[in-house]
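Report on one structure; see the data block that follows.
Since every read-out is calculated from the coordinates, none of them should be taken as a lab result. The model shown is predicted, which means the values in this text are computed figures rather than measured ones. When we count neighbours, we look across all protein chains shown, and the Cβ atoms used for this are built from the backbone with ideal geometry, even at glycine.
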């Protein structure tokens with residue numbers, strides 16, 4: 001593993017005690033921004049102290065930046081205040097929309113991969129940069145439907161937004177894997193189609209196969225299962241192809257296993273990174289020789 | 001900036017599986033009532049019904065997890 005790679009966990013209050021006991025094994029913690037919007041001054045001070053001990057990022061889940069509509073100024077200001085108080089290493093959000101026309105989806109959805117969404121996303125990102133003071137890292141989402149009205153693939157859309165905004169990417173490898181499975185694509189080809197040179201952070205999580213009444217199976221990203229083997233394989237390939245430092249975050253939102261199992265997942269991610277890095281060094285050395 | 005009517009239609013469908021069933025009964029009328037252009041109406045006729053139902057149910061379940 002490169003000395004600059006980091007592997008850590010998504011902060012959840014249920015895991016707090018164990019996280020604090022095992023900080024020596026955790027390089028990075030990701031905190032959901034919206035859960036801290038009503039945090040007390042004491043809690044915010046504690047998060048600031050935490051950010052002094054270990055690298056921390058704030059992760060937004062409700063801005064809806066990838067939309068033809070305008071991002072809420074109020075939500076941006078709350079993110080800005082939190083960033084100002086906690087002083088994280090960086091902040092991140094999803095390339096998704098979550099509301100439109102007064103309808104709240106309550107989760108992350110894909111708007112059409114089309115010029116109107118691209119223009120809106122770039123405008124929203126510019127505004128986010130202005131208000132928060134930093135551009136967010138942008139995360140790919142899992143989707144069960146290719147948005148109607150799309151004229152680009154998901155990867156083309158991601159590339160246009162990320163490169164157009166000059167943003168870094170938070171690559172969720174389970175979202176990528178789920179989309180590959182659900183749209184009959186090769187996950188490694190899908191990985192190759194993304195702007196890997198812009199990946200700064202990585203999410204690893206798990207999901208579950210579900211059947212619809214018609215007997216069709218789909219992989220649902222649910223964050224309550226362990227990352228499957230292909231996700232670690234994708235991380236190894238990413239570490240081989242992307243030489244820049246990566247911050248890898250294990251996401252778990254429930255059905256928590258023993259903390260030892262989460263530490264094992266961190267260790268497994270370190271191995272995948274190290275294996276990919278070693279392969280790259282080997283090839284570079286051969287080229288020099 | 002005006003929000004794309006297609007986005008509004010999708011948000012309406014993803015917010016409620018009941019809306020999905022109404023939409024699937026008569027996609028064209030539903031889409032026109034949402035202000036979609038003729039080209040967009042053609043695009044929503046091609047949505048895979050099973051995937052749409054799956055997506056709406058998945059969103060409903062995820063909303064339940066956060067309540």
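The simple spin-label model puts a point 7 Å past each Cα toward its Cβ; for residue A:104 and residue B:21 those points are separated by 2.4 nm. Distance between the 7 Å Cα→Cβ label points at residue A:42 and residue A:289: 6.2 nm. Once the Cβ-Cβ distance of residue A:184 and residue A:87 is raised to the sixth power relative to R0 = 35 Å, the FRET efficiency obtained is 0.20.
Report the Rg/Rh value for region A:96-209, based on alpha-carbon coordinates and the Kirkwood definition of Rh. All intermediate terms of the calculation are to be shown ahead of the outcome.
Values: Rg = 13.9 Å, Rh = 14.7 Å.
For region A:96-209, the value is 0.95.
Pick from A:269, A:180, A:110 the residue whose mean-square fluctuation is largest in a GNM of chain A, springs joining Cα atoms under 10 Å. Residue with maximal mean-square fluctuation among A:269, A:180, A:110: A:180. For the segment A:94-101, counting C-beta atoms of other chains within 10 Å of every residue's C-beta and taking the mean gives 5. Computed on region B:5-66, with alpha-carbon pairs under 8 angstrom and 6+ residues apart, the relative contact order is 43 percent. Rg and Dmax, both from the Cα atoms of chain B and both in Å, are 12.2, 38.
Mean partner shielding of peptide A:207-214, defined as the number of other chain Cβ atoms within 10 Å of each residue Cβ, is 2.
Rg and Dmax of region A:4-115, both derived from C-alpha coordinates alone, stand at 15.6, 48 Å. Considering only A:61, A:271, A:202, the mean-square fluctuation computed in a Gaussian network model of chain A, springs between alpha carbons under 10 angstrom, is largest for A:271.
For region A:6-288, the Kirkwood hydrodynamic radius comes to 19.4 Å, computed from all pairs of different C-alpha atoms. Springs between alpha-carbon atoms under 10 Å, Gaussian network over chain A: tell me which of A:82, A:65, A:145 tops the mean-square fluctuations. Among A:82, A:65, A:145, the largest mean-square fluctuation in the Gaussian network model of chain A belongs to A:145.
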